[in-house]
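This report refers to the structure that appears directly beneath it.
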Amino acid sequence: MAYENITWSPLVPMSLASIPFAILGPTASGKSSLAVEVARRIGGTVVNGDPFQAFAGLAIGTGQPTEVERDGVPHLGYGAFPLSQRINPADFGAQVREWLGEAPNPVLVTGSGLYLRGIWDQLSVLPEVSAALVARVRGWEEGLGSRALHRFLAAVDPLRAGQLHPNDGGRIQRALALHLATGQRPSGLLDGVARGVPAGWRALLVLPSRPLQRERVARRVAAMVEAGWPEEVGRAVAFGAEADLRRLRPLGYEPWLEGGDPGAIQARIIQGTQAYAKRQVTYFRNQWPEIPVWDPDTEPVETALERLGLSLPS
RNA sequence: GCCUGGGUAGCUCAGUUGGUAGAGCAAUGGACUGAAAAUCCAUGUGUCGACGGUUCGAUUCCGCCUCCAGGCA
């Protein structure tokens with residue numbers, strides 16, 4: 001949809017035109033449809049801030065909004081990258097900031113807290129660590145265990161080691177690799193990033209109650225299977241994307257690739273997605289406790305709009 | 001109908017030579033600076049199938065009943 005065709009809602013003051021909005025929330029919370037509603041009100045564009053939905057070829061499995069769900073509202077950044085593309089939170093953040101700049105009145109949607117930090121420029125600027133070094137450190141952990149690596153880290157950077165649990169292999173590896181790549185202490189490199197909601201932004205956390213969140217996930221996964229998720233995985237594999245899928249590890253892809261009883265696979269995916277949704281919520285509340293919350297199952301959409309500062313005089 | 005094996009946490013199962021029980025997964029809460037749809041941490045009161053007997057004490061031994069699985073008829 002061309003931007004020049006946008007019509008301004010007569011009820012919305014023009015001063016809102018330049019304010020970017022962020023709609024956050026766990027999977028299946030209904031944040032995409034709220035974003036469409038917000039964008040419609042302000043004559044804006046929905047901008048994708050979710051790394052997995054940015055890939056092409058996974059439209060069903062990553063829950064990218066369909067044409068029907070977009071409902072004529074312009075969307076930017078969905079299915080933009082080939083599966084072979086490697087992304088990280090900082091680079092992806094820069095890309096999304098570009099999209100935000102292209103969109104007249106952006107409504108950012110994401111379920112990924114770490115990538116949102118990238119988008120909001122709340123990650124330290126760090127040097128690239130070569131894939132070879134990353135692989136080497138990972139190999140060490142497989143041979144020696146994370147606790148041994150934690151002791152190595154403690155020797156070069158006691159501060160960072162103190163922040164990490166000896167079992168947290170992923171972060172220990174990352175810290176060690178950073179140290180080996182730069183010769184510096186990771187704790188020093190990770191210093192002084194911005195926090196909070198950036199000035200000028202209006203954000204809302206879409207947060208269903210836990211029981212209803214679980215129901216929403218179950219319903220959505222069933223709908224995704226109904227819409228042809230297994231077939232979509234099959235097509236991706238036929239295009240030679242299996243290695244990329246195994247590297248990216250989107251939820252649900254491993255079960256489909258391994259095969260087995262479809263009912264059991266679906267149940268497993270639902271369980272994994274419910275657990276993921278819980279972690280998403282924990283991260284948002286932890287990182288941005290000041291963001292107002294909206295319960296899509298008990299509160300009307302008008303309430304969400306009010307909390308975004310879009311309340312209309314009636 | 002008979003024989004055998006089972007019935008222990010939401011699930012799959014350990015275990016208690018008799019002193020009322022614990023793993024994995026799940027769940028709940030939490031952490032989180034390039035694996036993040038990832039990784040990691042914390043949290044375990046459950047009529048140990050029912051009833052009765054023996055015993056100071058039974059989830060454990062005995063009897064009886066019941067349910068499940070397999071086998072024999």
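Coordinate-derived values only; no laboratory data. Quick caveat, the model's predicted, so the values are computed rather than measured. All Cβ positions, even for glycine, are placed from backbone atoms using ideal geometry, and neighbour counts span all protein chains on display.
For a quick check of your reading: which helices (runs of 4 or more DSSP H) sit entirely within the range A:45-145 and have at least 1 residues that are near RNA strand B (Cβ under 8 Å from one of its atoms) and touching a helix residue (DSSP H, G or I) at 6+ places or on another chain (Cβ under 8 Å)?
Fully inside the range A:45-145 and qualifying: A:89-102, A:113-119, A:131-144.
State the number of residues belonging to the range A:283-304 that are out of contact with any strand residue (DSSP E or B) (no Cβ under 9 Å at 6 or more places or on another chain), closer than 23 Å to A:Ala199 by Cα and assigned to a helix (DSSP H, G or I).
3
When the range A:99-152 is examined, which residues are found to be charged (D, E, K, R) and in contact with a strand residue (DSSP E or B) (Cβ under 8 Å, 6 or more places away or on another chain)?
If the condition is that a residue be charged (D, E, K, R) and in contact with a strand residue (DSSP E or B) (Cβ under 8 Å, 6 or more places away or on another chain), then A:Glu102 is the only one that fits.
Looking only at residues in the range A:32-66 that are among the hydrophobic types (A, V, I, L, M, F, W, C) and touching a Lys or Arg at 6+ places or on another chain (Cβ under 9 Å), which one is surrounded by the most Cβ atoms within 10 Å (Cβ to Cβ)?
Here the answer is A:Val46.
Considering only residues that are touching a residue at least 12 places away in the same chain (Cβ under 8 Å) and of a type outside the set (Asp, Glu), look in the range A:287-296 and name the one that is surrounded by the fewest Cβ atoms within 10 Å (Cβ to Cβ).
The selected residue is A:Pro292.
Checking the condition assigned to a helix (DSSP H, G or I), within 11 Å of RNA strand B (Cβ to nearest atom) and surrounded by 13 or more Cβ atoms within 10 Å (Cβ to Cβ), which residue from A:Arg214, A:Arg247 passes?
Sole residue among the options that is assigned to a helix (DSSP H, G or I), within 11 Å of RNA strand B (Cβ to nearest atom) and surrounded by 13 or more Cβ atoms within 10 Å (Cβ to Cβ): A:Arg214.
I'm trying to understand the selection: among the residues of the range A:79-120, which are small (Gly, Ala, Ser) and either crowded, with 19+ Cβ neighbours inside 10 Å or under 25 Å from A:Ile42 (Cα atoms) (or both)?
Those that are small (Gly, Ala, Ser) and either crowded, with 19+ Cβ neighbours inside 10 Å or under 25 Å from A:Ile42 (Cα atoms) (or both): A:Gly79, A:Ala80, A:Gly93, A:Ala94, A:Gly101, A:Ala103, A:Gly111, A:Ser112, A:Gly113, A:Gly118.
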